[in-house]
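Asks: This is the structure, below, for whatever I ask next.
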Number of protein chains: 2
Amino acid sequence: LPEIAYVNGEFLPLDRAVVHVEDRGFQFGDAVYEVVRTYSGKPFAVEEHLARLLRSMEAIELEHDLTVDGLKILVSEAVRRARFPEAVVYLQITRGHAPRHRGFPSPCKPTVVLTVRELMPLSSELRENGIAVITLPDNRWARCDIKSVALLANVLAYHAAKNDGAHDAIFLEADGAVTEATAGNVFVLTGGRLRTPPKSPKILAGVTREKILETARTVGIDAAEGRVTKTDLLKAEEIFLTSTTAEVVPVVSVDRQPVGDGKPGPMAGRVYEQFVRMFAKA
Amino acid sequence: LPEIAYVNGEFLPLDRAVVHVEDRGFQFGDAVYEVVRTYSGKPFAVEEHLARLLRSMEAIELEHDLTVDGLKILVSEAVRRARFPEAVVYLQITRGHAPRHRGFPSPCKPTVVLTVRELMPLSSELRENGIAVITLPDNRWARCDIKSVALLANVLAYHAAKNDGAHDAIFLEADGAVTEATAGNVFVLTGGRLRTPPKSPKILAGVTREKILETARTVGIDAAEGRVTKTDLLKAEEIFLTSTTAEVVPVVSVDRQPVGDGKPGPMAGRVYEQFVRMFAKA
C-alpha cells in the first residue's frame with residue numbers, strides 16, 4: 001500500500017509529490033491546513049474540518065473557488081485510493097506560486113496538496129501511563145486561531161520539551177494564562193469541573209476539543225470553556241490534551257510536578273471511553 | 001536569460017525547481033533564508049548574509065554541514081550562471097523532508113534551495129517621492145531575530161497597508177515601541193539624531209541596517225541604536241526604511257500624517273548617496 005498524494009488536480013505516489021520552490025507555502029508560510037483522520041475507514045468530522053479550512057482561508061484572504069462539498073469528495077477519494085485500515089489525511093492550501101514578493105500574487109491560483117498516510121494511533125503505553133509536559137512562554141504569532149503552517153514556534157517548543165525529558169509543552173501567556181499545547185488543546189479538572197481555555201486569537205477552535213466538551217456534557221460532567229492558568233495546572237486533579245490523531249492524552253506531570261497522584265486519573269479515561277462510544281465506533 | 005535555481009546539489013531552470021510536499025519548509029515553516037543582491041554583478045556583503053544564515057540555523061537547531069565558504073562559492077556560481085546585469089539570490093535551508101510530524105526528523109538531511117532572479121531596483125518614483133506607511137500591532141512571533149520563513153504575519157500586514165492606500169506597514173509593540181517594517185528596518189531622524197531600534201528578539205539584525213549606521217557615522221551623522229516609539233514617528237523630521245533590495249526608502253507619511261513637510265528629506269538622500277559611494281560602486 002504506497003502512500004499517496006494529490007497535488008493540484010492529480011493523484012500520484014507520495015514520493016513523487018512536489019511543489020514549486022517559489023510556492024508561497026514554502027517561502028512565506030502563506031498557507032493553511034487541516035488534518036482529518038478516519039474511524040472505521042470513514043473520515044471523521046470532515047465537514048467541521050473543511051469548514052474550518054475555509055474559515056482559515058478567509059482569515060488570510062486567500063482567494064479560491066474551493067467548497068466544502070468538493071473537498072469532501074477529494075478527501076473521500078483519497079482515503080478510498082489509499083486503502084489503509086485507518087488513514088490520516090493532510091490537506092494544505094497555499095496562495096500559489098509566484099515570483100517571490102510578500103505582496104499577494106494577482107491573479108492567485110492556490111496550490112492544493114493532500115497526503116494520505118496510515119494512521120499511527122497513540123501508543124497504548126502513552127495512553128495508559130500519560131505524558132510529562134513542560135510549560136513555555138507562548139512565543140507564537142498572535143493569530144493561532146488561524147490554522148496556518150507558520151508552525152516553527154510549535155516545532156521548537158516540542159523539541160525543547162523532548163530535550164527536557166518531557167513529551168510535550170503547554171504554552172503560557174505572559175500573565176500565566178494557558179493557551180494550547182504544541183499540537184492540541186488543554187483540558188484541566190479542578191474541583192470536579194472540567195475547563196478548557198476559551199476561544200481567542202491565541203487558540204485554535206479544535207474539532208476534537210468541541211467533541212470532548214459535547215462528550216463530557218453528555219455524561220453529566222460540568223465541562224465548559226474557562227480561563228486556565230499555570231496555577232490551575234499545578235493544583236489540577238487531572239489534565240489531558242486533545243487532538244485529532246492522539247484523541248485524549250492524560251498529562252501526569254507539569255514542569256516535573258506530579259498532577260494529582262502522578263497517574264492518569266479516571267476523568268480522562270471516562271471522557272475517552274465516551275468519546276469512542278459516541279464518535280469512534282462504526 | 002532564463003531564471004535559474006539550485007536544489008540539493010543541482011542547478012536547473014527555475015520553472016522545474018521543486019521540493020517534496022513533505023518538506024518541512026512547506027509544512028511547518030521550519031526553514032531559514034537569506035536574500036543577497038549584487039552590485040556590478042558582485043554579491044554584496046555575502047559573508048555577512050551567510051554568517052547570519054548559519055546563526056539562524058543554529059538558533060533553530062538545524063543540523064547541517066554547510067559553511068560560509070561553501071555557500072559563498074554556491075552563490076557566486078549561481079550569479080555567474082544566471083548572467084543578469086544585477087541579480088537577487090534567494091537562499092533557503094529547511095530541516096529536510098520527512099513524514100509529517102512536528103518533532104525534528106532524525107537523521108536530518110537539510111534541503112538547500114537557491115533561486116536567482118534579475119534585480120528589480122526600487123522605482124525612481126518611489127525613491128524620489130517616498131512612500132506612505134501605516135502602523136500595525138506587531139503580531140509576529142517572538143523570535144523575529146531569526147530569519148525564518150514564518151512570514152505570514154508580514155504578508156498580511158503588507159497587504160493591509162496596500163488595502164489602506166499605503167505602501168508598507170511599520171510594526172508597533174503593545175507599549176508603542178517600533179520594531180520593523182514588513183521587510184526592512186526603520187530609521188528615524190529626530191532633533192538631528194538618526195535612530196534605529198536596538199537589536200532584540202523582535203528585530204532582525206539587518207545587513208543594510210548595519211551598513212547604513214556605518215555610512216552615516218562616516219559622514220559625521222549622529223547615528224545609533226535607540227528606542228523608537230510611535231510618538232517619535234509622528235514628530236520625526238525624517239523616516240526611512242532600509243533593506244537589501246530597496247536600500248533606502250524615504251517615508252513621507254505615517255498613518256496619513258505627513259512626516260516633516262511630507263516630502264523626502266535631505267538626510268535620506270545624503271545617507272543613500274554615501275551608501276552608494278561606499279558600497280554600491282564597482
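Asks: Accessible area of B:Cys108, 1.4 Å probe, to the nearest 10 Å²?
Replies: 30
Asks: Now, a different point. Working with all protein chains in place, sort B:Ser253, B:Ser123 by solvent-accessible area computed with a 1.4 Å probe, largest first.
Replies: The ordering from most to least exposed comes out as B:Ser123, B:Ser253.
Asks: Let me ask something else about it. Just counting partner chain Cβ atoms within 10 Å, what average do the residues of peptide A:144-152 show around their Cβ?
Replies: 6
Asks: Also: In debye, nearest 20: dipole of the range A:109-174 around its Cα centre with unit charges on the Cβ of K, R (+) and D, E (-)?
Replies: Using Cβ point charges on Lys, Arg, Asp and Glu, the range A:109-174 gives about 400 debye.
Asks: Under the rule of -39500 (n - 2.57) per DSSP H run of 4 or more residues, summed and divided by the residues of chain B, what mean residue ellipticity at 222 nm is obtained, to the nearest 500 deg cm²/dmol?
Replies: That comes out to -8500 deg cm²/dmol.
Asks: Let me cross-check B:Asp69: its accessible surface, 1.4 Å probe, with only protein heavy atoms counted, in Å² to the nearest 10?
Replies: 110
Asks: For A:Val251, what residues show an amide H to amide H distance below 5 Å, using hydrogens built from the backbone and excluding near sequence neighbours?
Replies: Sorted by chain and number, the residues that satisfy this are A:Ile131, A:Ile239, A:Phe240, A:Leu241.
Asks: On average, how much accessible surface per residue is there in the protein assembly as shown, in Å², for a 1.4 Å probe, leaving out ligands, DNA and RNA?
Replies: With the other protein chains kept in place, the protein assembly as shown gives 41 Å² per residue.
Asks: If you build a Gaussian network model of chain B, linking Cα atoms that sit under 10 Å apart, which residue out of B:Phe240, B:Phe44, B:Phe104 swings the most?
Replies: B:Phe104
Asks: In square nanometres and to one decimal, what's the mean projected area of the convex hull around the Cα atoms of the range A:88-177?
Replies: 8.7
Asks: Contour minus end-to-end for B:Val276 and B:Arg83, with contour as 0.36 nm per residue of separation and end-to-end as the Cα-Cα distance?
Replies: Going from the current span to full extension adds 67.2 nm.
Asks: To continue, here is another question. Rounded, prolate or oblate, given the Cα gyration tensor of the protein assembly as shown, with a/c below 1.5 counting as rounded? Could you put the intermediate results ahead of the total?
Replies: Details: a/c = 2.12, a/b = 1.57, b/c = 1.35.
Taking the square roots of the gyration eigenvalues as a ≥ b ≥ c, the protein assembly as shown is prolate.
Asks: Can you tell which of B:Tyr158, B:Ile146, B:Cys108 lies farthest toward the positive end of the dipole of the protein assembly as shown, using +1 and -1 charges on the Cβ of basic and acidic side chains (Lys, Arg; Asp, Glu)?
Replies: B:Cys108
Asks: Roughly what angle does helix A:68-82 make with the longest principal axis of chain A, taking Cα atoms, 0 to 90 degrees, to the nearest 10?
Replies: 90
Asks: How big is the A/B interface in buried accessible area, both sides summed, 1.4 Å probe, to the nearest 100 Å²?
Replies: Numbers: alone 13790 and 13790 Å², together 23170 Å².
Looking at A and B, the buried total is near 4400 Å².
Asks: Further question on the same structure: Buried by at least 50 Å² relative to the chain on its own: which residues of the range A:74-102 qualify, computing accessible area with a 1.4 Å probe on protein heavy atoms?
Replies: Those residues are A:Tyr90, A:Arg100, A:Arg102.
Asks: How large a share of the accessible area of chain B, in percent, is made up of carbon and sulfur atoms when the probe is 1.4 Å and the other protein chains stay in place?
Replies: 51
Asks: Next up: Through the Karplus equation 6.51 cos²θ - 1.76 cosθ + 1.60, θ set to phi - 60°, convert the phi angles of the range A:103-119 into ³J(HN,Hα) values in whole Hz; use x for Gly and Pro.
Replies: x, 4, x, 9, x, 10, 10, x, 8, 10, 10, 9, 10, 10, 10, 5, 5
Asks: Express the relative contact order of the range A:19-157 as a whole percentage, based on alpha carbon pairs under 8 Å and six or more residues apart in sequence. Spell out each step's value before the answer.
Replies: Working: 188 pairs, mean separation 45.5, N = 139.
Answer for the range A:19-157 is 33 percent.
Asks: Treating only the Cβ of Lys, Arg, Asp and Glu as charged (+1, +1, -1, -1), what charge dipole size does chain B show about its Cα centre? Round to the nearest 20 debye.
Replies: About 140 debye.
Asks: Mind giving me the FRET efficiency for A:Asp222 and A:Asn163? R0 is 60 Å, r the Cβ-Cβ distance, nearest 0.05 is fine.
Replies: Between A:Asp222 and A:Asn163 the formula returns 0.95.
Asks: With each pseudo-label sitting 7 Å past Cα toward Cβ, what's the A:Lys42-A:Glu58 distance in nm, one decimal?
Replies: 2.7
Asks: For the Cα atoms of chain A, what angle does the longest principal axis make with the long axis of helix A:266-275, in degrees from 0 to 90, nearest 10?
Replies: Helix A:266-275 and the main axis of chain A meet at about 40 degrees.
Asks: How large is the dipole of the range A:54-143 about the Cα centre if only Lys and Arg carry +1 and Asp and Glu carry -1, each at its Cβ, rounded to the nearest 20 debye?
Replies: In total the dipole reaches around 320 debye.
Asks: Looking at chain A, send over the antiparallel percent of its DSSP beta bridges, to the nearest 5.
Replies: 80
Asks: Among A:Leu54, A:Val7, A:Tyr39, which residue has its Cα furthest toward the positive end of the charge dipole of the range A:1-66, with +1 on Lys/Arg Cβ and -1 on Asp/Glu Cβ?
Replies: Value computed over the given set: A:Tyr39.
Asks: Turning to a different aspect of this structure: For B:Glu34, A:Glu48, write out the residues from largest to smallest accessible area, computed with a 1.4 angstrom probe and no ligands counted.
Replies: Ranking B:Glu34, A:Glu48 by accessible area, largest first, yields A:Glu48, B:Glu34.
Asks: So how tilted is helix B:46-59 from the main axis of chain B? Cα-based, degrees 0 to 90, rounded to 10.
Replies: 70
Asks: Considering only DSSP beta bridges where both residues belong to the range A:38-180, give the percentage that are antiparallel (nearest 5).
Replies: In the range A:38-180, approximately 70 percent of DSSP beta bridges are antiparallel ones.
The values are calculated or read from the model by the stated rules, or taken from the named source; none is laboratory data. Because the structure is a prediction, the values reported are computed rather than measured. Counting neighbours? That spans all protein chains shown, and the Cβs are built from the backbone with ideal geometry, glycine included. Please note that ligands, DNA and RNA were not included when accessible areas were found on the heavy atoms of the full protein model with its side chains. Shrake-Rupley method; radii C 1.70, N 1.55, O 1.52, S 1.80 Å.
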